[in-house]
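**Q** Right, I'll just put the structure down here and ask away after.
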Amino acid sequence: MKFALRSITAAALLAATAATAQAQSSVQLYGLVDIGVGDFEDNNNRSYGYFFREEWAALSRAEPGMMTTSFWGLQGKEDLGNGVAAEFKLEAFFRGDTGEQGRFQFDTTFGRNAYIGLTSKDLGSVRMGRNTTPLFVSTLLFNPFGDSFVWSPSIRQIFNGSTGGQLRGDSGWNNSVNFISPN
């Protein structure tokens, strides 16, 4: 009888511990799909010297990422006590019209974010891995068109550029350490 009582007590304690641990951690699967469908016009002449002399071709098609780039993500947080938590995030781009990975053919699997870190309400957050760049984030803050590489003037100028003067790099940095202030 004592053995059975100990077994039941141990099982109840284990179940209570598991329930407590579950309440302090979370994992989420999320994402966003953006596909535009419409009629587009394109000038077949790429010399640009005779821009208005050439016929424009009308195209009807589905186009991925008109307002933002489609992505899916997995993120989690584990409470470590005293207001500190461990966190991770893995986010991958994909093309919504075909389901192919990445923003373009040779894009990395987790090209949006892939980091681990520690976060605190009082001290801020430290994230290590692939982080979205501060320049990209600051460009988004005042931009009414979000991160659209099609419609946003500020994203187009900074990241696409004109006459070959675009920013070298990407919207995310590999092997980086990112500190985010609590204020």
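The values are calculated or read from the model by the stated rules, or taken from the named source; none is laboratory data. This is a predicted model, so every value here is computed, not measured. For neighbour counting, all protein chains shown are included, and Cβ atoms are generated from backbone atoms with ideal geometry for every residue, glycine included. For accessibility, only protein heavy atoms count, side chains too; no ligands or nucleic acids. Shrake-Rupley method; radii C 1.70, N 1.55, O 1.52, S 1.80 Å.
**Q** Restricting the first residue to segment 91-105 and requiring it to be on the phi > 0 side of the Ramachandran plot, which pairs with a second residue that is assigned to a strand (DSSP E or B) meet a Cβ separation below 9 Å and a spacing of at least six or different chains?
**A** Taking only residues 6 or more apart or on different chains, the pairs are GLY102/ALA92; GLY102/PHE93; GLY102/PHE94.
**Q** In segment 118-128, which residues are part of a strand (DSSP E or B) and in contact (Cβ under 8 Å) with a residue 40 or more places away in the chain?
**A** THR119, SER120, GLY124, SER125, VAL126, ARG127, MET128, listed by residue number.
**Q** Is segment 100-121 home to any residue that is open to solvent by less than 30 Å² (accessible area, probe 1.4 Å), at pLDDT 85 or above, within 15 Å of LEU32 (Cβ to Cβ) and in contact with an Asp or Glu (Cβ under 9 Å, 6 or more places away or on another chain)?
**A** Taking every residue of segment 100-121 in turn, at least one turns out to be open to solvent by less than 30 Å² (accessible area, probe 1.4 Å), at pLDDT 85 or above, within 15 Å of LEU32 (Cβ to Cβ) and in contact with an Asp or Glu (Cβ under 9 Å, 6 or more places away or on another chain).
**Q** Sticking with this structure for a sec: Assuming ASN44 fulfils every condition listed in (1) surrounded by 10 or more Cβ atoms within 10 Å (Cβ to Cβ); (2) modelled with pLDDT under 80; (3) farther than 25 Å from PHE88 by Cβ apart from one, which condition is it?
**A** The failed condition is (1).
**Q** Would you be able to tell me the number of residues in segment 88-120 that are under 21 Å from VAL27 (Cβ atoms), touching a Phe, Trp or Tyr at 6+ places or on another chain (Cβ under 8 Å) and not small (Gly, Ala, Ser)?
**A** 9
**Q** Does LEU59 qualify as being modelled with pLDDT under 80 and surrounded by 10 or more Cβ atoms within 10 Å (Cβ to Cβ)?
**A** yes
**Q** Can you name every residue in segment 129-144 that is assigned to a strand (DSSP E or B) and either exposed (fewer than 14 other Cβ atoms within 10 Å of the Cβ) or within 11 Å of the chain's Cα centre (by Cα) (or both)?
**A** ARG130, ASN131, THR132
**Q** Additional query: With PHE88, PHE51, PHE71 as the choices, which residue is modelled with pLDDT under 80 and not aliphatic (A, V, I, L, M)?
**A** Step by step, each of PHE88, PHE51, PHE71 is checked, and only PHE51 is modelled with pLDDT under 80 and not aliphatic (A, V, I, L, M).
**Q** Consider only pairs whose beta carbons are under 7 Å apart and that are at least six residues apart or on different chains; among these, list those whose first residue lies in segment 59-76 and is free of Cβ contacts under 8 Å to residues at least 60 places away in the same chain and among the aromatic types (Phe, Trp, Tyr) and whose second residue is open to solvent by 40 Å² or more (accessible area, probe 1.4 Å) and not in a strand (DSSP E or B).
**A** That search, which allows pairs on different chains as well, returns PHE71/ARG112.
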